[in-house]
Amino acid sequence: MKFLPYGRQTIGADDVRAVVSVLKSPWLTQGPKIAEFEAELCSRTGARCAVAVSNGTAALHLACLAAGLRKGMEVVTSPVTFVASANAVVYAGATPVFADIHPGTYTLDPGEVRRRLTARTKALVTVDFAGQAAGAEELWRLARSRGLTVIEDAAHAIGSRYRGGAPVGSCRFAHMTTFSFHPVKTVTTGEGGAVTTNSTELAAKLRLLRTHGITKEPRLLSRHPGPWYYEMQELGFNYRITDLQAALGLSQLRKLDRFVRRRREIVSMYNDAFRGVPRLTIPLEAEGLRSAFHLYVLQVDFKALGTTRGAFMEGLKGRGIGSQVLYIPVHLQPYYRERFRGRPGQYPRAEAFYERTLSLPLYPALTDADVRRVVRAVRCLVSREG
Ligand SMILES: *Cc1c(COP(=O)(O)O)cnc(C)c1O
């Protein structure tokens, strides 16, 4: 019986060919594939500019720096996310402030965000949790009325659409949108990430910071002593992506529509199977949105079932099925408890969500038979325990 992990990459012969062709080319890094990948990200999302980087965390870090975040500034973000969304704010020297989630969509609740704003708030890092950009318009309106920068962490949401149909990444409701291309995400480059923006000014800043703050572009140099000359104008990083990775990303992006379609099919199979089952709550896709569904997030009332999540997960594992808890609320991580006084009870909805959450296998290569196997296993555990 094959083991079904909660997520995994889908690599085809076309992807292998794309990477091998770069290996045989003169460029392993900083060749033509990076610009091609960025152009394809622009055409996919509708954004004016895309800057590809070494991973999704680097994308968030550079977005925070390009937004001018620094010590003394506060940034409101969600506690229901991977730690990187908040860590990037800390890297920039600013202070992350969490706001509670909407109980149905598990994304930032605009009313809760408003309650957390102070005179020091400079930006929002919104998170398209599990793939849906719920509340994006409301958060954008709120941010605009207060002069805040919106950085949208769309690590889960390439291929998703806002209400009204604009693609996530178009920056319709954000100044900058960041993506991750880690193998568990919807398209992969191994490690990789990107920032999209409609501001050429922000894009130039992101590009500068991606390579040590060094530029060779004649119009940006303060003097022109010769063709060898370059300037380091800011303290940047080596956050470059390679041509090998960009070639893989290009090949993967060609299959994005198919990947998203299959993810959505699997989600409807799960939803049909679990809808109305006592002790289970299926994920809600907010009206008018189209989620690419990075995750299938089921809520299970383990207590009412007379079991624990650990035992439930072991039961699935015994049937060859992986599951994952995404995420432990960030404010409850030891670092955030110590550095930013995170305490249990601060964000009751995020904590209630965490108590019951379980992510089930979801990736395009799952067959209908695999999905039925997961459904049978969950149903069996629910009826046995309940
Ligand atoms: C994966 C992920 C990141 C970080 O991306 P990496 O490419 O792993 O650095 C950031 N935010 C969220 C919500 C993620 O899921």
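Some points to look at:
- Criterion violated by residue 124 - all others in (1) more than 12 Å from the ligand (Cβ to nearest atom); (2) buried (at least 23 other Cβ atoms within 10 Å of the Cβ); (3) in a loop (DSSP other than H, G, I, E, B) satisfied: (3)
- Each residue in segment 158-170 was checked for being away from the ligand (no atom under 16 Å from the Cβ), open to solvent by 10 Å² or more (accessible area, probe 1.4 Å) and part of a loop (DSSP other than H, G, I, E, B), and 5 pass.
- Residue 277 falls short of the stated requirement of being over 25 Å from residue 166 (Cβ atoms) and in contact with a strand residue (DSSP E or B) (Cβ under 7 Å, 6 or more places away or on another chain).
- Residue 155 crowded, with 19+ Cβ neighbours inside 10 Å and in a loop (DSSP other than H, G, I, E, B): yes
- Against the criterion of being in a loop (DSSP other than H, G, I, E, B), open to solvent by 60 Å² or more (accessible area, probe 1.4 Å) and closer than 30 Å to residue 5 by Cα, residue 234 does not qualify.
- Residue 20 meets each of the listed conditions (1) in contact (Cβ under 8 Å) with a residue 12 or more places away in the chain; (2) open to solvent by 20 Å² or more (accessible area, probe 1.4 Å); (3) β-branched (Val, Ile, Thr) apart from (1).
- Of the residues contained in segment 118-129, none is found to be more than 27 Å from residue 183 (Cα to Cα) and in contact with a Pro (Cβ under 9 Å, 6 or more places away or on another chain).
- Scope segment 138-152; condition of a type outside the set (Lys, Arg) and assigned to a helix (DSSP H, G or I); matching residues: 138, 139, 140, 142, 143, 145
- Conditions (1) of a type in the set (Gly, Ala, Ser); (2) crowded, with 23+ Cβ neighbours inside 10 Å; (3) closer than 24 Å to residue 105 by Cα: number failed by residue 193: (3)
- Residues located in segment 171-229, provided they are closer than 19 Å to residue 85 by Cα, of a type in the set (D, E, K, R) and either in contact with a strand residue (DSSP E or B) (Cβ under 7 Å, 6 or more places away or on another chain) or away from the ligand (no atom under 16 Å from the Cβ) (or both): 210
- For segment 294-305, the condition of being touching a residue at least 60 places away in the same chain (Cβ under 8 Å), of a type in the set (A, V, I, L, M, F, W, C), open to solvent by 50 Å² or more (accessible area, probe 1.4 Å) and over 24 Å from residue 77 (Cβ atoms) holds for none of the residues.
- In segment 267-293, the qualifying residues are those that are among the polar types (S, T, N, Q) and in a helix (DSSP H, G or I), and the one that is least open to solvent (accessible area, probe 1.4 Å) is 271.
The values are calculated or read from the model by the stated rules, or taken from the named source; none is laboratory data. Since the model is a prediction, treat every value here as computed from it, not as a measurement. We place every Cβ from the backbone using ideal geometry, glycine too, and count neighbours over all the protein chains shown. Please note that ligands, DNA and RNA were not included when accessible areas were found on the heavy atoms of the full protein model with its side chains. Shrake-Rupley method; radii C 1.70, N 1.55, O 1.52, S 1.80 Å.
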